[in-house]
Amino acid sequence: MRIGTHFAYWGRTWTVDYIALAKRAKACGLDVLEVGADHLLNMTDAQLEELRVTAKDLGLEISANLGPPKDKDISSADPAVRAAGVEFLCGILNQMVKLDCKILIGACYNHWPYDFVDIDKEALWARAVECLKIVGDEAERLGITIALEILNRFESCILNTVEEGLKFCADIGKPAVKLLLDTFHMNIEEDNIGDAFRLAGDMVAHVHVGEANRKLPGTGRNMPWAEIGQALKDINYKGMVVMEPFLLYGGEVGDAIKVWRDLSGGADDAKMDEMMTESVKFLRSLEA
Ligand SMILES: [Mn+2]
């Protein structure tokens, strides 16, 4: 099991020093650092190369997590916005090659955080499918997998369940386009989390893990971790298992994730690392 975390665990801003975070992630026992995919567009080739070499030397893999902005939403009714969205996604894929990053994940099919101004689901779905056919071909050409994240009803009106995700991928019909299943969202929308993983089967290209309140895996009592571990074995899942723990109140990260209180227990930097290290051990114990 290759265990990772979203980079924003450690901070309140989306802008970070990835070189420092890569070292910190490795020190916590992590195998994967999930970075902000849109950040790659603002990085120079030299910066991408520095991060690629740093990660390679550390034995750390990089995944790229995207929440597209509204003006680059491929589900938009405006053809110019859709065209900008396709260009944006293809641009990110090409930057990922320079980083030797093989997986783009997230709500790539619309914008995030979604504003729910347009809730014509069928039309949003159809437009996003057409654009993802183009982006899916580019991903395949570059050897990259796109894992579309199934989100809960408060974050998306397109994909809320694995059943919908499978239909969406079938409509796209491109081998590079698969699914991301996230326990936080599944806990809200699926009847049974283990069954949902088994239903998705080999279409699961990426997994996000977190407690129901987005705390670190293993720190709560509600999430059926043993069942989740068994389901991943049942589907012979070999991809990354990436945490998305959001504990810090305030700042642009806390505001976007809607963290309205401190969930860290007043942790300082050292304590944040200690808690991450413990959670990595917990996830590894699920493999046994
Ligand atoms: Mn997620």
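Among the candidates 238, 174, 178, single out the residue that is free of Cβ contacts under 8 Å to residues at least 12 places away in the same chain, more than 14 Å from the ligand (Cβ to nearest atom) and under 30 Å from residue 94 (Cα atoms).
238
So which residues in the stretch 91-118 are more than 23 Å from residue 55 (Cα to Cα) and touching a residue at least 12 places away in the same chain (Cβ under 8 Å)?
Passing the criteria: 107, 108, 109, 110, 111, 112, 113, 114, 115, 116, 118.
Have a look at 90, 101 and point out the one that is farther than 22 Å from residue 190 by Cα, more than 17 Å from the chain's Cα centre (by Cα) and at pLDDT 95 or above.
It is 90.
Residue check: is residue 184 open to solvent by 10 Å² or more (accessible area, probe 1.4 Å) and not in a helix (DSSP H, G or I)?
no
Output yes when any residue across the stretch 16-31 is open to solvent by less than 20 Å² (accessible area, probe 1.4 Å) and not in a helix (DSSP H, G or I), and no when none is.
Yes, because at least one residue in the stretch 16-31 is open to solvent by less than 20 Å² (accessible area, probe 1.4 Å) and not in a helix (DSSP H, G or I).
Filter the stretch 70-83 down to the residues that are open to solvent by 30 Å² or more (accessible area, probe 1.4 Å) and either among the small types (Gly, Ala, Ser) or in contact with a Phe, Trp or Tyr (Cβ under 8 Å, 6 or more places away or on another chain) (or both) and list them by number.
72, 77, 80, 83
Residue by residue through the stretch 187-214, note down the ones that are assigned to a helix (DSSP H, G or I) and within 15 Å of the ligand (Cβ to nearest atom).
187, 188, 189, 193, 196, 197, 200
Consider residue 262 carefully, then state whether it is outside any helix (DSSP H, G or I), more than 17 Å from the chain's Cα centre (by Cα) and either within 16 Å of the ligand (Cβ to nearest atom) or of a type outside the set (Phe, Trp, Tyr) (or both).
For residue 262, the condition - outside any helix (DSSP H, G or I), more than 17 Å from the chain's Cα centre (by Cα) and either within 16 Å of the ligand (Cβ to nearest atom) or of a type outside the set (Phe, Trp, Tyr) (or both) - is met.
Step by step: first the residues of the stretch 140-167, then only those that are of a type outside the set (A, V, I, L, M, F, W, C) and in a loop (DSSP other than H, G, I, E, B), then the one that is most open to solvent (accessible area, probe 1.4 Å). Which residue is that?
153
Considering only residues that are in a helix (DSSP H, G or I) and either open to solvent by 20 Å² or more (accessible area, probe 1.4 Å) or charged (D, E, K, R) (or both), which ones fall in the stretch 96-106?
Result: 97, 98.
The values are calculated or read from the model by the stated rules, or taken from the named source; none is laboratory data. These figures come from a predicted structure and were not determined experimentally. Because the Cβ atoms are built from the backbone with ideal geometry, glycine has one as well, and the counts that use them run over all protein chains shown. Heads up: the accessible areas ignore ligands, DNA and RNA and are worked out on the full protein's heavy atoms, side chains in. Shrake-Rupley method; radii C 1.70, N 1.55, O 1.52, S 1.80 Å.
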